[in-house]
Amino acid sequence: MDAKKLEEFRQILLEEKQALLQQAAHTIKNEIELNPDDLADESDLASVMSYQTINLRLRGRERTLIDKIDHALKRIEADEFGECVMCGEEISHKRLAARPVTTMCIACKEDQERRERHFAE
């Protein structure tokens, strides 16, 4: 992959990481604390707790995505970005545009998912 495309993907990844970090900071600042006005009765408390649980779960998933973004940025620095870790072939630009943190070409990813489904049965 040429340097211009690598830089484009690096910028996309950095912007996505920044947005995720801002969301996490917003959650910590505004959504963790329980407001006594929201706790009028048990159903209100349950609703607020459920909302918080969902938010914290989302932030956990976003933490995983940030780790994948960091890994992709390291792959860019190592000049390995866009190369499938399974077969070594180039990952299509279309796939990278859709999922820049991917480490596998579509054929290897489909094969992995087939194996996972087979073992899940």
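What follows draws every value from the coordinates through simple rules; no lab data is involved. Since this is a predicted model, take the numbers as computed values, not measurements. Here the Cβ positions follow ideal geometry from the backbone for every residue, glycine too, while neighbour counts run over all protein chains shown.
Values as computed for the structure displayed
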{"quantity": "Placed amide H near GLU83: partners under 5 Å, 5+ positions off or other chain", "calculated": "ILE91"}
{"quantity": "R0 of 22 Å, Cβ-Cβ distance LEU58-ALA78: FRET efficiency to nearest 0.05", "calculated": "0.15"}
{"quantity": "Using alpha-carbon coordinates, inclination of helix 106-120 to the longest axis of the chain, degrees", "calculated": "50"}
{"quantity": "Contour minus Cα-Cα distance for GLN22 and GLU110 (0.36 nm per residue)", "calculated": "28.4 nm"}
{"quantity": "Interatomic Cα distance distribution for the stretch 1-81, bins of 5 angstrom, percent", "calculated": "3, 14, 18, 16, 12, 10, 9, 7, 5, 4, 2, 1"}
{"quantity": "222 nm mean residue ellipticity, helices alone, for the chain (DSSP H n ≥ 4; -39,500 (n - 2.57); rounded to 500)", "calculated": "-24500 deg cm²/dmol"}
{"quantity": "Debye-sum result for the stretch 48-97 in log10 I(q)/I(0), which assumes one identical scatterer on each alpha carbon, at q = 0.19, 0.23, 0.25 Å⁻¹", "calculated": "-0.71, -0.86, -0.94"}
{"quantity": "Degrees between helix 3-30 axis and first principal axis of the chain (Cα, 0 to 90, nearest 10)", "calculated": "10"}
{"quantity": "For the chain: relative contact order, % (alpha-carbon pairs under 8 angstrom, 6 or more apart)", "calculated": "23"}
{"quantity": "Phi to ³J(HN,Hα) by Karplus 6.51 cos²θ - 1.76 cosθ + 1.60 over the stretch 96-105, Hz, x for Gly, Pro", "calculated": "5, 5, 6, 9, x, 8, 5, 10, 10, 5"}
{"quantity": "The chain, dipole about Cα centre (Lys/Arg Cβ +1, Asp/Glu Cβ -1), debye to the nearest 20", "calculated": "440"}
{"quantity": "Rounded to 10°, Cα long-axis angle of helix 42-77 versus longest principal axis of the chain", "calculated": "20"}
{"quantity": "Using a Förster distance of 30 Å, the FRET efficiency for ALA3-LEU65 (Cβ separation, nearest 0.05)", "calculated": "0.75"}
{"quantity": "Distance between modelled label sites at LYS29 and ARG95, nm, 7 Å Cα→Cβ extension", "calculated": "3.9"}
{"quantity": "Nonlocal Lys pairs with alpha-carbon distance under 21 Å, the stretch 1-81 (8 or more apart, or different chains)", "calculated": "8"}
